[in-house]
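Asker: Here it is, the structure, as C-alpha coordinates.
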(Lines give C-alpha, C1' and ligand atoms only; values in the text may rest on other atoms or scores of the structure.)
Protein backbone atom coordinates (compact mmCIF):
# COMPACT_ATOMS: atom_id res chain seq x y z
CA UNK A 1 0.00 0.00 0.00
CA UNK A 2 0.98 3.64 -0.26
CA UNK A 3 1.23 3.75 3.53
CA UNK A 4 3.75 0.88 3.64
CA UNK A 5 5.71 2.32 0.72
CA UNK A 6 6.28 5.70 2.33
CA UNK A 7 7.06 4.07 5.67
CA UNK A 8 9.88 1.96 4.15
CA UNK A 9 11.37 4.69 1.94
CA UNK A 10 14.57 6.49 2.82
CA UNK A 11 14.62 10.19 3.69
CA UNK A 12 15.87 11.27 0.20
CA UNK A 13 13.06 9.26 -1.41
CA UNK A 14 10.53 10.88 0.91
CA UNK A 15 11.88 14.34 0.05
CA UNK A 16 11.61 13.47 -3.64
CA UNK A 17 7.93 12.64 -3.19
CA UNK A 18 7.38 16.02 -1.52
CA UNK A 19 9.29 17.94 -4.19
CA UNK A 20 7.28 16.27 -6.95
CA UNK A 21 4.02 17.18 -5.20
CA UNK A 22 3.00 13.56 -4.56
CA UNK A 23 0.35 13.12 -1.86
CA UNK A 24 -0.05 9.35 -1.38
CA UNK A 25 -1.89 9.64 1.94
CA UNK A 26 -5.46 10.84 2.23
CA UNK A 27 -7.50 11.69 5.31
CA UNK A 28 -10.42 9.27 5.72
CA UNK A 29 -12.47 12.02 7.38
CA UNK A 30 -12.16 14.94 4.95
CA UNK A 31 -10.31 13.40 1.99
CA UNK A 32 -7.39 15.83 2.07
CA UNK A 33 -4.19 14.57 0.43
CA UNK A 34 -1.07 14.44 2.62
CA UNK A 35 2.59 14.04 1.58
CA UNK A 36 3.92 11.97 4.50
CA UNK A 37 2.66 9.59 7.16
CA UNK A 38 3.81 11.90 9.97
CA UNK A 39 1.93 14.82 8.43
CA UNK A 40 -1.17 12.63 8.14
CA UNK A 41 -0.92 11.75 11.84
CA UNK A 42 -0.67 15.46 12.71
CA UNK A 43 -3.57 16.31 10.41
CA UNK A 44 -5.84 13.67 11.97
CA UNK A 45 -5.53 15.48 15.31
CA UNK A 46 -7.61 18.29 13.80
CA UNK A 47 -10.57 15.91 13.68
CA UNK A 48 -9.87 14.00 16.91
CA UNK A 49 -8.91 17.16 18.84
CA UNK A 50 -5.97 15.18 20.26
CA UNK A 51 -3.33 17.42 21.86
CA UNK A 52 -0.48 15.28 23.16
CA UNK A 53 2.02 18.11 23.69
CA UNK A 54 1.55 20.13 26.88
CA UNK A 55 3.28 23.27 28.13
CA UNK A 56 5.16 22.75 31.40
CA UNK A 57 4.58 26.38 32.41
CA UNK A 58 0.81 26.79 31.93
CA UNK A 59 -0.36 23.24 31.01
CA UNK A 60 -1.84 24.47 27.72
CA UNK A 61 -1.92 21.64 25.18
CA UNK A 62 -1.14 21.48 21.46
CA UNK A 63 -1.56 19.05 18.59
CA UNK A 64 2.03 19.36 17.35
CA UNK A 65 5.48 19.86 18.82
CA UNK A 66 6.02 22.83 16.52
CA UNK A 67 2.99 24.66 17.96
CA UNK A 68 4.19 23.89 21.48
CA UNK A 69 7.66 25.26 20.73
CA UNK A 70 6.18 28.46 19.32
CA UNK A 71 3.95 28.79 22.40
CA UNK A 72 6.89 28.33 24.77
CA UNK A 73 8.44 31.47 23.32
CA UNK A 74 5.44 33.40 24.70
CA UNK A 75 6.68 32.57 28.22
CA UNK A 76 10.32 33.37 27.53
CA UNK A 77 9.49 36.42 25.43
CA UNK A 78 11.87 35.11 22.80
CA UNK A 79 11.19 36.29 19.24
CA UNK A 80 14.18 35.12 17.21
CA UNK A 81 12.74 35.89 13.76
CA UNK A 82 12.77 39.56 12.76
CA UNK A 83 11.53 41.39 9.67
CA UNK A 84 14.33 43.04 7.67
CA UNK A 85 11.91 45.70 6.41
CA UNK A 86 10.33 47.04 9.61
CA UNK A 87 12.22 45.22 12.36
CA UNK A 88 9.16 43.57 13.89
CA UNK A 89 10.06 40.29 15.62
CA UNK A 90 8.15 36.99 15.67
CA UNK A 91 8.18 33.73 17.61
CA UNK A 92 8.37 31.52 14.52
CA UNK A 93 9.66 31.69 10.96
CA UNK A 94 6.18 30.91 9.61
CA UNK A 95 4.77 33.95 11.42
CA UNK A 96 7.53 36.05 9.87
CA UNK A 97 6.77 34.76 6.37
CA UNK A 98 3.08 35.59 6.79
CA UNK A 99 4.01 39.07 8.02
CA UNK A 100 6.22 39.68 4.96
CA UNK A 101 3.11 39.52 2.77
CA UNK A 102 2.09 42.86 4.31
CA UNK A 103 5.15 44.51 2.77
CA UNK A 104 5.09 42.66 -0.54
CA UNK A 105 1.31 42.90 -0.93
CA UNK A 106 1.30 39.24 -1.90
CA UNK A 107 -2.00 37.43 -1.43
CA UNK A 108 -1.40 33.96 -2.85
CA UNK A 109 -4.61 32.35 -1.59
CA UNK A 110 -7.66 33.04 -3.75
CA UNK A 111 -11.34 32.28 -3.12
CA UNK A 112 -12.76 30.18 -5.97
CA UNK A 113 -16.25 31.58 -5.33
CA UNK A 114 -15.73 35.36 -5.35
CA UNK A 115 -12.07 35.72 -6.34
CA UNK A 116 -11.02 37.57 -3.18
CA UNK A 117 -7.36 37.04 -2.27
CA UNK A 118 -5.79 36.45 1.15
CA UNK A 119 -2.32 36.52 2.65
CA UNK A 120 -2.76 33.23 4.54
CA UNK A 121 -4.51 29.95 3.88
CA UNK A 122 -6.20 30.08 7.28
CA UNK A 123 -7.77 33.44 6.41
CA UNK A 124 -9.05 31.94 3.16
CA UNK A 125 -10.57 28.97 5.03
CA UNK A 126 -12.38 31.33 7.41
CA UNK A 127 -13.58 33.46 4.48
CA UNK A 128 -14.97 30.41 2.65
CA UNK A 129 -17.36 29.89 5.56
CA UNK A 130 -19.09 33.16 4.62
CA UNK A 131 -20.16 31.43 1.39
CA UNK A 132 -21.04 28.07 2.93
CA UNK A 133 -22.58 29.65 6.08
CA UNK A 134 -20.57 27.09 8.04
CA UNK A 135 -20.16 27.87 11.74
CA UNK A 136 -18.40 24.86 13.26
CA UNK A 137 -17.74 26.35 16.70
CA UNK A 138 -20.69 26.53 19.10
CA UNK A 139 -21.08 27.98 22.59
CA UNK A 140 -21.93 25.31 25.19
CA UNK A 141 -23.77 27.90 27.29
CA UNK A 142 -26.16 29.57 24.83
CA UNK A 143 -25.70 27.57 21.62
CA UNK A 144 -24.56 30.52 19.50
CA UNK A 145 -22.28 29.43 16.65
CA UNK A 146 -19.15 31.02 15.20
CA UNK A 147 -16.96 30.71 12.11
CA UNK A 148 -13.69 30.72 14.09
CA UNK A 149 -12.55 29.33 17.41
CA UNK A 150 -11.06 32.69 18.40
CA UNK A 151 -14.48 34.36 18.02
CA UNK A 152 -15.98 31.64 20.22
CA UNK A 153 -13.31 32.21 22.89
CA UNK A 154 -14.05 35.95 22.91
CA UNK A 155 -17.81 35.26 23.06
CA UNK A 156 -17.42 32.92 26.04
CA UNK A 157 -16.11 35.88 28.03
CA UNK A 158 -19.57 37.47 27.78
CA UNK A 159 -20.78 34.62 30.00
CA UNK A 160 -17.80 34.55 32.37
CA UNK A 161 -17.41 38.33 32.52
CA UNK A 162 -13.70 37.91 31.88
CA UNK A 163 -11.93 40.98 30.43
CA UNK A 164 -8.22 40.14 30.40
CA UNK A 165 -7.05 43.09 28.30
CA UNK A 166 -6.69 46.31 30.32
CA UNK A 167 -5.84 49.85 29.25
CA UNK A 168 -2.77 51.17 31.09
CA UNK A 169 -4.04 54.74 30.75
CA UNK A 170 -7.59 54.52 32.14
CA UNK A 171 -7.73 50.89 33.42
CA UNK A 172 -10.75 50.08 31.24
CA UNK A 173 -10.84 46.36 30.41
CA UNK A 174 -11.82 44.50 27.26
CA UNK A 175 -12.63 40.95 26.20
CA UNK A 176 -10.21 40.86 23.25
CA UNK A 177 -6.92 42.42 22.18
CA UNK A 178 -8.33 44.18 19.11
CA UNK A 179 -10.89 46.04 21.25
CA UNK A 180 -8.07 47.29 23.48
CA UNK A 181 -6.00 48.33 20.45
CA UNK A 182 -8.91 50.32 19.04
CA UNK A 183 -9.64 51.86 22.45
CA UNK A 184 -6.03 53.06 22.80
CA UNK A 185 -6.56 55.31 19.79
CA UNK A 186 -8.99 57.37 21.87
CA UNK A 187 -6.04 58.29 24.11
CA UNK A 188 -3.46 58.79 21.36
CA UNK A 189 -5.94 60.64 19.08
CA UNK A 190 -4.88 58.28 16.32
CA UNK A 191 -7.19 58.41 13.30
CA UNK A 192 -5.62 56.05 10.76
CA UNK A 193 -8.66 55.88 8.47
CA UNK A 194 -9.63 59.13 6.74
CA UNK A 195 -12.43 59.98 4.32
CA UNK A 196 -11.20 60.92 0.85
CA UNK A 197 -14.19 63.24 0.37
CA UNK A 198 -14.24 65.37 3.53
CA UNK A 199 -11.06 64.32 5.33
CA UNK A 200 -12.79 63.17 8.52
CA UNK A 201 -10.76 60.57 10.43
CA UNK A 202 -11.90 57.37 12.14
CA UNK A 203 -10.47 54.87 14.62
CA UNK A 204 -11.72 51.87 12.66
CA UNK A 205 -12.12 51.08 8.97
CA UNK A 206 -15.71 49.90 9.47
CA UNK A 207 -16.68 53.34 10.78
CA UNK A 208 -15.06 54.92 7.72
CA UNK A 209 -17.08 52.61 5.45
CA UNK A 210 -20.27 53.60 7.27
CA UNK A 211 -19.35 57.28 6.97
CA UNK A 212 -18.70 57.07 3.22
CA UNK A 213 -22.35 56.16 2.69
CA UNK A 214 -23.35 59.58 4.04
CA UNK A 215 -21.70 61.03 0.93
CA UNK A 216 -22.97 58.46 -1.57
CA UNK A 217 -26.46 58.22 -0.06
CA UNK A 218 -26.17 54.44 -0.14
CA UNK A 219 -28.49 52.60 2.28
CA UNK A 220 -27.83 48.90 1.79
CA UNK A 221 -29.47 47.70 5.02
CA UNK A 222 -33.26 47.39 4.70
CA UNK A 223 -35.93 46.49 7.23
CA UNK A 224 -37.89 43.44 6.14
CA UNK A 225 -40.98 44.67 8.00
CA UNK A 226 -41.43 48.28 6.86
CA UNK A 227 -38.87 48.58 4.07
CA UNK A 228 -36.99 51.48 5.66
CA UNK A 229 -33.30 51.56 4.68
CA UNK A 230 -30.21 52.52 6.66
CA UNK A 231 -26.56 53.22 5.91
CA UNK A 232 -25.34 51.26 8.96
CA UNK A 233 -26.14 47.69 9.96
CA UNK A 234 -26.10 48.69 13.64
CA UNK A 235 -28.83 51.28 13.03
CA UNK A 236 -30.96 48.68 11.26
CA UNK A 237 -30.50 46.29 14.19
CA UNK A 238 -31.61 49.02 16.58
CA UNK A 239 -34.57 49.91 14.32
CA UNK A 240 -35.81 46.31 14.24
CA UNK A 241 -36.48 46.54 17.96
CA UNK A 242 -39.17 49.15 17.27
CA UNK A 243 -41.15 46.36 15.60
CA UNK A 244 -40.40 43.61 18.12
CA UNK A 245 -40.49 45.92 21.17
CA UNK A 246 -37.35 44.10 22.31
CA UNK A 247 -35.50 45.84 25.14
CA UNK A 248 -32.39 43.79 25.88
CA UNK A 249 -30.62 46.42 28.01
CA UNK A 250 -31.81 46.66 31.61
CA UNK A 251 -30.83 48.98 34.45
CA UNK A 252 -29.24 47.10 37.35
CA UNK A 253 -30.55 49.70 39.81
CA UNK A 254 -34.24 50.05 38.96
CA UNK A 255 -34.83 47.35 36.37
CA UNK A 256 -35.99 49.72 33.63
CA UNK A 257 -35.31 48.29 30.18
CA UNK A 258 -34.13 49.96 26.99
CA UNK A 259 -33.88 49.07 23.33
CA UNK A 260 -30.48 50.74 22.91
CA UNK A 261 -27.35 50.55 25.03
CA UNK A 262 -26.77 54.30 24.66
CA UNK A 263 -30.16 55.04 26.21
CA UNK A 264 -29.33 52.75 29.14
CA UNK A 265 -26.00 54.55 29.65
CA UNK A 266 -27.77 57.93 29.71
CA UNK A 267 -30.38 56.56 32.13
CA UNK A 268 -27.72 55.22 34.53
CA UNK A 269 -26.47 58.76 35.09
CA UNK A 270 -29.86 59.64 36.63
CA UNK A 271 -29.01 57.28 39.50
CA UNK A 272 -25.41 58.37 39.97
CA UNK A 273 -25.98 62.09 39.26
CA UNK A 274 -22.85 61.81 37.16
CA UNK A 275 -22.40 64.56 34.57
CA UNK A 276 -19.26 63.65 32.63
CA UNK A 277 -19.53 66.38 29.96
CA UNK A 278 -18.39 69.83 31.08
CA UNK A 279 -18.38 73.21 29.33
CA UNK A 280 -14.86 74.58 28.84
CA UNK A 281 -16.17 78.15 29.03
CA UNK A 282 -18.27 78.20 32.20
CA UNK A 283 -17.72 74.77 33.73
CA UNK A 284 -21.38 73.74 33.68
CA UNK A 285 -21.77 69.98 33.46
CA UNK A 286 -24.19 67.76 31.54
CA UNK A 287 -25.21 64.11 31.47
CA UNK A 288 -25.14 63.83 27.69
CA UNK A 289 -22.81 65.28 25.07
CA UNK A 290 -25.68 66.56 22.94
CA UNK A 291 -26.90 68.71 25.85
CA UNK A 292 -23.39 70.12 26.19
CA UNK A 293 -23.36 70.97 22.47
CA UNK A 294 -26.73 72.73 22.87
CA UNK A 295 -25.37 74.72 25.80
CA UNK A 296 -22.25 75.86 23.91
CA UNK A 297 -24.54 77.84 21.59
CA UNK A 298 -25.42 80.14 24.51
CA UNK A 299 -21.79 81.31 24.55
CA UNK A 300 -21.25 81.59 20.81
CA UNK A 301 -24.72 82.87 19.93
CA UNK A 302 -24.88 80.25 17.20
CA UNK A 303 -28.37 79.05 16.24
CA UNK A 304 -27.83 76.69 13.33
CA UNK A 305 -31.23 75.01 13.21
CA UNK A 306 -33.75 76.85 11.00
CA UNK A 307 -37.14 75.34 10.18
CA UNK A 308 -39.38 77.77 8.24
CA UNK A 309 -40.03 81.43 7.53
CA UNK A 310 -42.64 81.72 10.28
CA UNK A 311 -40.40 80.90 13.23
CA UNK A 312 -36.94 81.89 14.34
CA UNK A 313 -33.84 79.70 14.44
CA UNK A 314 -32.96 77.61 17.47
CA UNK A 315 -29.76 76.66 19.23
CA UNK A 316 -30.97 73.09 19.85
CA UNK A 317 -30.94 70.16 17.40
CA UNK A 318 -33.97 68.31 16.12
CA UNK A 319 -33.59 65.52 18.67
CA UNK A 320 -34.36 68.03 21.46
CA UNK A 321 -37.54 69.34 19.87
CA UNK A 322 -41.12 68.15 19.51
CA UNK A 323 -42.78 68.50 16.10
CA UNK A 324 -46.41 69.46 15.43
CA UNK A 325 -48.24 70.48 12.27
CA UNK A 326 -50.16 73.75 11.89
CA UNK A 327 -52.80 74.12 9.19
CA UNK A 328 -51.69 77.66 8.36
CA UNK A 329 -48.16 76.53 7.59
CA UNK A 330 -47.19 73.84 5.12
CA UNK A 331 -44.09 73.05 7.15
CA UNK A 332 -43.64 71.38 10.51
CA UNK A 333 -43.46 73.85 13.37
CA UNK A 334 -40.91 73.28 16.10
CA UNK A 335 -41.99 73.58 19.69
CA UNK A 336 -39.78 73.37 22.72
CA UNK A 337 -40.56 70.60 25.16
CA UNK A 338 -42.37 71.78 28.30
CA UNK A 339 -43.32 75.13 26.71
CA UNK A 340 -47.09 74.44 26.80
CA UNK A 341 -47.43 74.63 23.02
CA UNK A 342 -46.09 78.20 22.80
CA UNK A 343 -43.92 78.94 19.76
CA UNK A 344 -40.41 80.06 20.72
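The values are calculated or read from the model by the stated rules, or taken from the named source; none is laboratory data. Because the structure is predicted, anything quoted here is derived from the model rather than measured. FYI the Cβ positions are ideal-geometry reconstructions off the backbone, even for glycines, and counts take in every protein chain you see.
Asker: Please list, ordered by first then second residue, the pairs with beta carbon atoms under 6 Å, 6 or more apart or interchain, first in the range 202-215 and within 13 Å of residue 231 (Cβ to Cβ), second in a loop (DSSP other than H, G, I, E, B).
Answerer: Listed pairs, sorted by first residue: 210/232; 211/195; 213/231; 215/197.
Asker: Another one. Could you list, in sequence order, the residues of the range 130-165 that are touching a residue at least 12 places away in the same chain (Cβ under 8 Å) and more than 17 Å from the chain's Cα centre (by Cα)?
Answerer: 131, 134, 135, 137, 138, 139, 141, 142, 159, 162 - these are the residues of the range 130-165 that are touching a residue at least 12 places away in the same chain (Cβ under 8 Å) and more than 17 Å from the chain's Cα centre (by Cα).
Asker: In addition: Looking only at the range 98-115, filter to residues that are surrounded by 13 or more Cβ atoms within 10 Å (Cβ to Cβ) and in a loop (DSSP other than H, G, I, E, B); which one of those is modelled with the highest pLDDT?
Answerer: Pass one, the range 98-115, residues surrounded by 13 or more Cβ atoms within 10 Å (Cβ to Cβ): 98-102, 107, 109, 111.
So of that shortlist, the ones also in a loop (DSSP other than H, G, I, E, B) come out as 107, 111.
On the way: 107: 85, 111: 91.
The selected residue is 111.
Asker: Which of (1) at pLDDT below 80; (2) in contact with a strand residue (DSSP E or B) (Cβ under 8 Å, 6 or more places away or on another chain); (3) surrounded by 12 or more Cβ atoms within 10 Å (Cβ to Cβ) does residue 53 not meet, given it meets every other one?
Answerer: (1)
Asker: Let me ask you something else. For the range 35-90, name all the residues that are part of a strand (DSSP E or B) and either under 25 Å from residue 136 (Cβ atoms) or out of contact with any helix residue (DSSP H, G or I) (no Cβ under 6 Å at 6 or more places or on another chain) (or both). So that I can check it myself, show each step before the final result.
Answerer: Within the range 35-90, the subset part of a strand (DSSP E or B) is 53-54, 61-62, 81-82, 89-90.
Scanning the range 35-90 gives 53, 54, 61, 62, 82, 89.
Asker: Return the residue satisfying two criteria in turn: it lies in the range 217-236 and is in a helix (DSSP H, G or I) and touching a strand residue (DSSP E or B) at 6+ places or on another chain (Cβ under 8 Å), and of such residues it is surrounded by the fewest Cβ atoms within 10 Å (Cβ to Cβ).
Answerer: Checked the range 217-236; the qualifying residue surrounded by the fewest Cβ atoms within 10 Å (Cβ to Cβ) is 233.
Asker: Further question: State all residues of the range 268-285 that are modelled with pLDDT of 85 or more and either in contact with a strand residue (DSSP E or B) (Cβ under 8 Å, 6 or more places away or on another chain) or within 24 Å of residue 247 (Cα to Cα) (or both); if no residue qualifies, say none.
Answerer: 278, 279, 284, 285
Asker: What pairs come out if I take residues in the range 97-117 that are assigned by TED's automatic domain parsing to the domain that holds residue 129 and pair them with residues that are in a helix (DSSP H, G or I) and exposed (fewer than 13 other Cβ atoms within 10 Å of the Cβ) whose C-beta lies under 8 Å away, six or more apart or interchain?
Answerer: As it stands, the answer is 109/121; 111/131; 113/131; 114/131, since those pairs meet every condition given.
Asker: Say we look at the range 9-31 and pick out the residues that are modelled with pLDDT of 85 or more and either part of a helix (DSSP H, G or I) or in contact with a helix residue (DSSP H, G or I) (Cβ under 7 Å, 6 or more places away or on another chain) (or both); which of these is surrounded by the fewest Cβ atoms within 10 Å (Cβ to Cβ)?
Answerer: Among those residues, the one meeting the criterion is 27.
Asker: Are any residues in the range 255-273 surrounded by 11 or more Cβ atoms within 10 Å (Cβ to Cβ) and part of a loop (DSSP other than H, G, I, E, B), and if so, which ones?
Answerer: 256, 259, 260 - these are the residues of the range 255-273 that are surrounded by 11 or more Cβ atoms within 10 Å (Cβ to Cβ) and part of a loop (DSSP other than H, G, I, E, B).
Every residue, every condition in (1) modelled with pLDDT of 90 or more; (2) under 28 Å from residue 164 (Cα atoms); (3) outside any loop (DSSP other than H, G, I, E, B), yes or no:
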| site | (1), (2), (3) |
| --- | --- |
| 183 | no, yes, yes |
| 198 | yes, no, no |
| 238 | no, no, yes |
| 242 | no, no, yes |
| 253 | no, yes, no |
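Asker: Please count how many residues of the range 274-289 are touching a helix residue (DSSP H, G or I) at 6+ places or on another chain (Cβ under 9 Å), in a loop (DSSP other than H, G, I, E, B) and more than 30 Å from residue 218 (Cβ to Cβ).
Answerer: If we filter the range 274-289 for residues that are touching a helix residue (DSSP H, G or I) at 6+ places or on another chain (Cβ under 9 Å), which is where we start, we get 274-282, 284-288.
After this cut, where a residue has to be in a loop (DSSP other than H, G, I, E, B) as well, the list is 274-276, 279-282, 284, 287-288.
Cutting the leftovers down to more than 30 Å from residue 218 (Cβ to Cβ) gives us 274-276, 279-282, 284, 287.
Residues meeting the conditions: 9.
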